[in-house]
Amino acid sequence: MNKKIDIIKLQKIYDPRGTLVVAEENTHVPFEIGNTEWFSPKYTVITQNQRETMLVALAGHFTLRVIEQDGTGAETLLDNPNEGALITADCPYQLTDFTEETVVLRLTAAEKEIKYLDLKAINDQYQPEINNAIAQVLDSGWYLHGKALKQFEEEYAAFIGSEYSIGCGCGLDALKLILIGEMELGRLQKGDEILVPANTYYATILAITSVGLKPVLIDARLDTLQIDERLIEQHITPQTKALLTVHLYGKLSVTPLMQELCRKHHLLLFEDNAQAFACQMLGEKNEVNGESIHTGNIGDAAAHSFYPGKNLGALGDAGAITTNDRKLAEVITSLRDYGRVSKYEYNYQGLNSRMEELQAAVLCVKLKNPYGEAKDRFQKAQYYLSKLDKKIVEHCIPQELYKEESENVVHVFPFLTEKRDELRDYLSEHRVQTVCHYPIPPHQQPCYPEWNHLSFPVTERIAQQEISLPCNSTLKQEELDRIINLINHFFEERGI
């Protein structure tokens, strides 16, 4: 028998009313069934399905001939309704020797679902090392503020290029700890204004308002999707004390103009680096090693998130703060542990925000390959740009996002279209997962009614049009091609 055909035995159920043949997906049929059809063959034609197929002779008989590349083929007779012939994807076949009584059941596999981000597959790449790291923590009997955290803090500071790295519970806490730390040092006061991009994730805004500071929202640029640095100066008032920039989607957001304005107006510069692990700023050199400076080491302090979906992700929540400010680092180290300075002495009203040893151990494993995920994502982003129709690229992908590989780690691959919801439904129908970042901007959130009347045209356009396409190291070439073909076909039929 040809190697491309397998005969599968189907289950028979006997009943006084007759015999029932059962073909259950993923049990008798070794795939998820996407299409079921019955037909009586009339002509001898060559058929080729892009997905796995099973044929069953429900009535009568027929001969199945599988065709090889050289034109030869193997044949098998199907005349038993409790047997199915399995044909591999893209294999041409032909039905012959059928009669008028022949009825064929054809089961076709469903398209395989393409996940937006397969966290299991990402972590499987490190599984032996992660298992070993977790086992070491379990064997140590020490689960908070132990050796794993100390190791991660040292290695992460070395990678970022900062003097200090302080682990904490999550990215939101990292932002809050920076702001509270600066308030404890007298550099910020309640009611002070913090400049922040209007199109950021809600958590950035929440960190500011939750500690009694005032966010001042600034619209984004459509070509970079980052804060529009050209609008910053007009928002500065005597109450403005800091700029909190966000490296959204993994793209460097800091610009020379932004740095100049912070120096000119004596503003603290904070980075929300939650989405930009391993991103760099070309032209800026680390004074210690002479390499291009990493995001997280550009401003006065930076917040980092290791949420599982990040480019450097833990197996749960975790975060960190990096800074070169010794006083701030000391205060934050105390604040993350209730404000503790000794076992029962507290100088501050702090938080309970401690990175667990298990998370620190996992992050140490992944930190050994800091650029792998970013490099793979950027290559896939370039492939999107090269294979999508040129008009689609020009209309739907911000032009400044992918000019420099080191300045975009592609945490998200954003795609903008007026047909966002229609495209998302279309891709979902073809079993492609997508995400929207972010459909409701902060100023339109119900919890901030005082901002609901404000207008930020670019931010609102991004919220209405952005769809994030799968783009990560676990995405296979055939999956990437499938997504591209679907998008090209979608716009070919509907127009841009």
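The values are calculated or read from the model by the stated rules, or taken from the named source; none is laboratory data. Model, not experiment: these values are computed from the prediction. Cβ coordinates were reconstructed from backbone atoms using ideal geometry, including for glycine residues, and neighbour counts include every protein chain displayed. In case anyone asks, the SASA skips ligands and DNA or RNA and just uses the protein heavy atoms, side chains included. Shrake-Rupley method; radii C 1.70, N 1.55, O 1.52, S 1.80 Å.
For segment 131-143, state whether one or more residues are surrounded by fewer than 18 Cβ atoms within 10 Å (Cβ to Cβ) and in contact with an Asp or Glu (Cβ under 7 Å, 6 or more places away or on another chain). Yes - at least one qualifying residue is present in segment 131-143. Take the conditions (1) under 17 Å from Thr224 (Cα atoms); (2) open to solvent by 10 Å² or more (accessible area, probe 1.4 Å); (3) outside any loop (DSSP other than H, G, I, E, B); Gln275 misses just one of them, which is (3). Within the set Leu282, Leu243, the sole residue that is open to solvent by less than 50 Å² (accessible area, probe 1.4 Å), in a strand (DSSP E or B), in contact (Cβ under 8 Å) with a residue 40 or more places away in the chain and not aromatic (Phe, Trp, Tyr) turns out to be Leu243. Scanning segment 117-134 for residues that are within 14 Å of Cys364 (Cα to Cα) and in a helix (DSSP H, G or I) yields a total of 9. What's the total number of residues in segment 452-489 that are assigned to a helix (DSSP H, G or I) and either more than 22 Å from Leu117 (Cα to Cα) or in contact (Cβ under 8 Å) with a residue 12 or more places away in the chain (or both)? The qualifying residues number 19. Could we say that Lys147 is among the charged types (D, E, K, R), modelled with pLDDT of 95 or more and either touching a Cys at 6+ places or on another chain (Cβ under 6 Å) or over 30 Å from Val458 (Cα atoms) (or both) here? So Lys147 passes the test.
With the condition kept exactly as written, say whether any residue in segment 375-384 is in contact with an Asp or Glu (Cβ under 6 Å, 6 or more places away or on another chain), among the basic types (Lys, Arg) and either modelled with pLDDT under 95 or open to solvent by 20 Å² or more (accessible area, probe 1.4 Å) (or both). No, every residue in segment 375-384 fails to be in contact with an Asp or Glu (Cβ under 6 Å, 6 or more places away or on another chain), among the basic types (Lys, Arg) and either modelled with pLDDT under 95 or open to solvent by 20 Å² or more (accessible area, probe 1.4 Å) (or both).
When you look at Leu257, is it open to solvent by less than 10 Å² (accessible area, probe 1.4 Å), assigned to a helix (DSSP H, G or I) and farther than 23 Å from Tyr202 by Cβ, yes or no? Explain how you work it out, then say what you get.
Details: open to solvent by less than 10 Å² (accessible area, probe 1.4 Å): no; assigned to a helix (DSSP H, G or I): yes; farther than 23 Å from Tyr202 by Cβ: yes.
So Leu257 does not fit the description; no.
Answer yes if at least one residue in segment 430-451 is part of a strand (DSSP E or B), touching a helix residue (DSSP H, G or I) at 6+ places or on another chain (Cβ under 8 Å) and surrounded by fewer than 19 Cβ atoms within 10 Å (Cβ to Cβ), and no otherwise.
No.
Among all residues of segment 229-240, there is at least one that is assigned to a strand (DSSP E or B), in contact (Cβ under 8 Å) with a residue 40 or more places away in the chain and in contact with a strand residue (DSSP E or B) (Cβ under 9 Å, 6 or more places away or on another chain). When restricted to residues that are open to solvent by 40 Å² or more (accessible area, probe 1.4 Å), among the charged types (D, E, K, R) and under 27 Å from Gly313 (Cβ atoms), segment 463-496 contains 4. Out of the residues in segment 349-367 that are touching an Asp or Glu at 6+ places or on another chain (Cβ under 8 Å) and assigned to a loop (DSSP other than H, G, I, E, B), state the one that is most open to solvent (accessible area, probe 1.4 Å). Across segment 349-367, the extreme among qualifying residues is Arg354. Counting only residues that are more than 22 Å from Ala463 (Cβ to Cβ) and either of a type outside the set (Lys, Arg) or surrounded by fewer than 15 Cβ atoms within 10 Å (Cβ to Cβ) (or both), segment 385-428 holds 12 of them.
Restricting segment 45-88 to residues that are touching a Lys or Arg at 6+ places or on another chain (Cβ under 6 Å) and more than 19 Å from His28 (Cβ to Cβ), the residue that is least open to solvent (accessible area, probe 1.4 Å) is Val66. Considering the conditions (1) open to solvent by 20 Å² or more (accessible area, probe 1.4 Å); (2) among the hydroxyl-bearing types (Ser, Thr, Tyr); (3) touching a Phe, Trp or Tyr at 6+ places or on another chain (Cβ under 9 Å), Tyr249 is excluded by exactly one of them, (1). Number of residues in segment 89-118 that are of a type in the set (Gly, Ala, Ser) and open to solvent by 40 Å² or more (accessible area, probe 1.4 Å) equals 1.
In segment 366-386, how many are free of Cβ contacts under 8 Å to residues at least 24 places away in the same chain and within 16 Å of the chain's Cα centre (by Cα)? Adding up the residues that qualify gives 1.
For segment 389-429, how many residues meet the condition of being part of a helix (DSSP H, G or I) and of a type in the set (Lys, Arg)?
Within segment 389-429, the subset part of a helix (DSSP H, G or I) is 390-396, 405-407, 420-429.
After this cut, where a residue has to be of a type in the set (Lys, Arg) as well, the list is 390-391, 420, 424.
Going through segment 389-429 one residue at a time, the tally reaches 4.
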